[in-house]
Amino acid sequence: MAEAALDAVRRELREFPAAARELSVPLAVPYLDEPPTPLHFYRDWVCPNRPCIIRNALQHWPALQKWSFPYLRWGLPWGVLGGTLWYLGRLKVLSSRATVGSTEVSVAVTPDGYADAVRGNRFVMPAERRLPLSCVLDVLEGQAQHPGVLYVQKQCSNLPTELPQLLSDLEPHVPWASEALGKMPDAVNFWLGEAAAVTSLHKDHYENLYCVVSGEKRFLLHPPSDRPFIPYELYTPATYQLTQEGSFKMVDEEAMEKVPWIPLDPLAPDLARYPNYSQARALCCTVQAGEMLYLPALWFHHVQQSHGCIAGKGSWDLPAHRSCPTGPWPALEGLSDPL
Ligand SMILES: O=C(O)CCC(=O)C(=O)O
């Protein structure tokens, strides 16, 4: 009896993603030509849990003109002059001053560009190194070598905590978003990395605004309603360690509980192993410098970037997305895997 009822719920669930798609998931991520008012942002995008790309929302940020490798290295606003100085004898006087470049930041280092991803039968986290930002720039510019793939991507507000000198180049928050969401962002992160650095498919419960300052980011998205088609498995957690010789080894995190993660690579899905994924529909979009992606809470995302892309992200943590017992998502979550 209970099994029959569960079967009926599962049948309904199988229909749900198509119905949700028809009702509220666009075929492509829409563009707004200007920032919305708080009311429009809340009514048209946050409430229906729909992503959009917003143009002309960042052009008043000094970062958009200033943030280049020479500026990050020396605080020089003129990219060409900075570059010329670099080639004219690598001015140690400038590089030894206390500049942004000399500031140490946390860098995720992986052998293949995948931090926080399934590798074999492990969920593997990156080796974390503290490096001066200028060392990361040297590697990105091909002036120096470092084993593995580097990504400045530490979550938890690395922009104000690690690079506070850059804050004056940004507005402290995005006023129309903070007003719509009822608070200031809970985290403001800074992202800089190699083209090979990839963020594996996952979801989180934050309302996110990704602001691309230089280069581009490519997103592959799935709405939360595609959850029944997206496989999760439980993995023993491990962390990469970088040896003195520059090779990587995986070390199990014995004290940590198993981690549920998505084993599937949406760019090359193993449909023989995960046939349900063929029923999911991805939305792909590229966010260019000067554009902002609103990524609603609980959307699955896989992220790639152009080499040396510089981006920021504001995240708002709304309790409603953590544990809303009455919404459809917890039910979908609980009943998805046994489809
Ligand atoms: O920019 C990236 O590489 C991914 C960021 C991301 O997925 C996240 O913050 O949840």
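The values are calculated or read from the model by the stated rules, or taken from the named source; none is laboratory data. Because the structure is a prediction, the values reported are computed rather than measured. No Cβ is skipped: glycine too gets one built from the backbone with ideal geometry, and neighbour counts run over all protein chains shown. Side chains included, ligands, DNA and RNA excluded: accessible areas come from the protein's heavy atoms. Shrake-Rupley method; radii C 1.70, N 1.55, O 1.52, S 1.80 Å.
Below is a table of values for the structure above.
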read-out	value
Answer from Gln305, Gln288 - the residue that is open to solvent by less than 30 Å² (accessible area, probe 1.4 Å) and at pLDDT 95 or above	Gln305
Residue satisfying all of: in region 110-144; of a type outside the set (Ser, Thr, Tyr) and in contact with a Pro (Cβ under 6 Å, 6 or more places away or on another chain); nearest to Phe248 (Cα to Cα) among these	Ala115
Top-ranked residue in region 203-238 [being in a strand (DSSP E or B) and open to solvent by 30 Å² or more (accessible area, probe 1.4 Å); ranked as nearest to Ser278 (Cα to Cα)]	Glu233
Tally of residues being open to solvent by less than 60 Å² (accessible area, probe 1.4 Å) and either assigned to a strand (DSSP E or B) or acidic (Asp, Glu) (or both) across region 123-139	7
Total residues in region 239-269, condition open to solvent by less than 50 Å² (accessible area, probe 1.4 Å), part of a loop (DSSP other than H, G, I, E, B) and not aliphatic (A, V, I, L, M)	5
Candidate set: region 140-155, residues that are away from the ligand (no atom under 13 Å from the Cβ) and assigned to a loop (DSSP other than H, G, I, E, B); chosen: the one most open to solvent (accessible area, probe 1.4 Å)	Gln145
